[in-house]
């Protein structure tokens, strides 16, 4: 019996990781590959809103893969962001919109990476290339992922390809993109019942440059002030994470999705990077970054360049 190819996004999965995994499953099954979407972490509230809206279950949670397991990576390619055992898995395909780093395989593979605002936009184009019909469920999944990653097309990561895809997908799904999108984004900003540990891991990614490890986490909100009421608790768990993982820097971006700004909390022995990267002095370990909403395009490049 043919073994299923596992499809998954990165650890601490966001909406794009989950939705694109599910859509990739549909696409691969149409092509004729036996594939199954899985996940590497808990579902956040924004993503749960989408799953509830569609009345579907979250993909199965996995913690590791066995040697030789065939896998497809979506929304990431760095092994540090992937599943335990990825080094010995057989990577069959990658579909991503991030930089390519720390990636190596022993065999050829299908690798698609485009500088779009969202992985789902790439998948939308692949549906079109194969001339496959997009059903309402997949249209909503892809539209939701684009809305999430581009903050309703307000993020600087947004491209004309994302704009076109979202417009078409909204029509296919029969939804008012702005109305649905705002409700979806607001659902993801309900942080009241999260512990400090959960808050800093809602959407966290670890990076490494020349042996220096750092992490950038992000939470979306409609009130930065409300999140900062827990500042002392957040700093304590950030410091604990730094010590446990041997990080040189941990940056938590608290992003106001309505006003498109972020307050960052930065701890570690390389907080000097914040000054050189953004021209901002930290005050009580914090800095306000006006107009900054994207980790991929606005935070990571400057931090990585100066680390």
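The values are calculated or read from the model by the stated rules, or taken from the named source; none is laboratory data. Since the structure is predicted, the reported quantities are computational estimates derived from the model, not experimental observations. Backbone-built Cβ (ideal geometry, glycine too); neighbour counts: all protein chains shown.
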Name the residue, out of 72, 56, that is outside any helix (DSSP H, G or I), more than 23 Å from residue 216 (Cβ to Cβ) and in contact with a strand residue (DSSP E or B) (Cβ under 7 Å, 6 or more places away or on another chain).
72
Which members of segment 66-92 meet the condition of being under 16 Å from residue 17 (Cα atoms) and touching a residue at least 60 places away in the same chain (Cβ under 8 Å)?
71, 72, 73, 74, 75, 76, 78, 80, 81, 82, 83
Considering only residues of segment 132-163 that are farther than 13 Å from residue 116 by Cβ and outside any helix (DSSP H, G or I), which is nearest to the chain's Cα centre (by Cα)?
151
Residues 166, 182: which one is assigned by TED's automatic domain parsing to the domain that holds residue 144, modelled with pLDDT under 95 and either surrounded by 19 or more Cβ atoms within 10 Å (Cβ to Cβ) or part of a helix (DSSP H, G or I) (or both)?
182
Among the numbered conditions (1) part of a helix (DSSP H, G or I); (2) touching a residue at least 60 places away in the same chain (Cβ under 8 Å), tell me where residue 243 comes up short.
(2)
Please work out if residue 293 is closer than 15 Å to residue 12 by Cβ and either outside any loop (DSSP other than H, G, I, E, B) or touching a strand residue (DSSP E or B) at 6+ places or on another chain (Cβ under 9 Å) (or both).
no
Would it be correct to say that residue 21 is more than 27 Å from residue 200 (Cβ to Cβ) and either modelled with pLDDT of 95 or more or assigned to a loop (DSSP other than H, G, I, E, B) (or both)?
no
Starting from segment 40-65, keep only residues that are closer than 20 Å to residue 149 by Cβ, then list their pairs with residues that are in a strand (DSSP E or B) whose Cβ atoms are within a distance under 6 Å, requiring at least 6 positions of separation or different chains.
40/8; 59/37; 59/38; 59/39
Just for segment 185-198: of the residues that are more than 25 Å from residue 142 (Cα to Cα) and in a helix (DSSP H, G or I), which one is farthest from the chain's Cα centre (by Cα)?
196
Taking segment 26-39 and keeping only residues that are touching a residue at least 24 places away in the same chain (Cβ under 8 Å) and in a helix (DSSP H, G or I), one is left with 26, 27, 28, 30, 31
The number of residues in segment 222-251 that are surrounded by fewer than 21 Cβ atoms within 10 Å (Cβ to Cβ) and closer than 16 Å to residue 299 by Cβ is 2
Using the structure shown, decide if residue 217 is touching a strand residue (DSSP E or B) at 6+ places or on another chain (Cβ under 9 Å), modelled with pLDDT under 95 and surrounded by 13 or more Cβ atoms within 10 Å (Cβ to Cβ).
no
I'd like to check something: does segment 142-155 contain any residue that is surrounded by fewer than 19 Cβ atoms within 10 Å (Cβ to Cβ), free of Cβ contacts under 8 Å to residues at least 60 places away in the same chain and either under 16 Å from residue 122 (Cβ atoms) or not assigned by TED's automatic domain parsing to the domain that holds residue 15 (or both)?
no
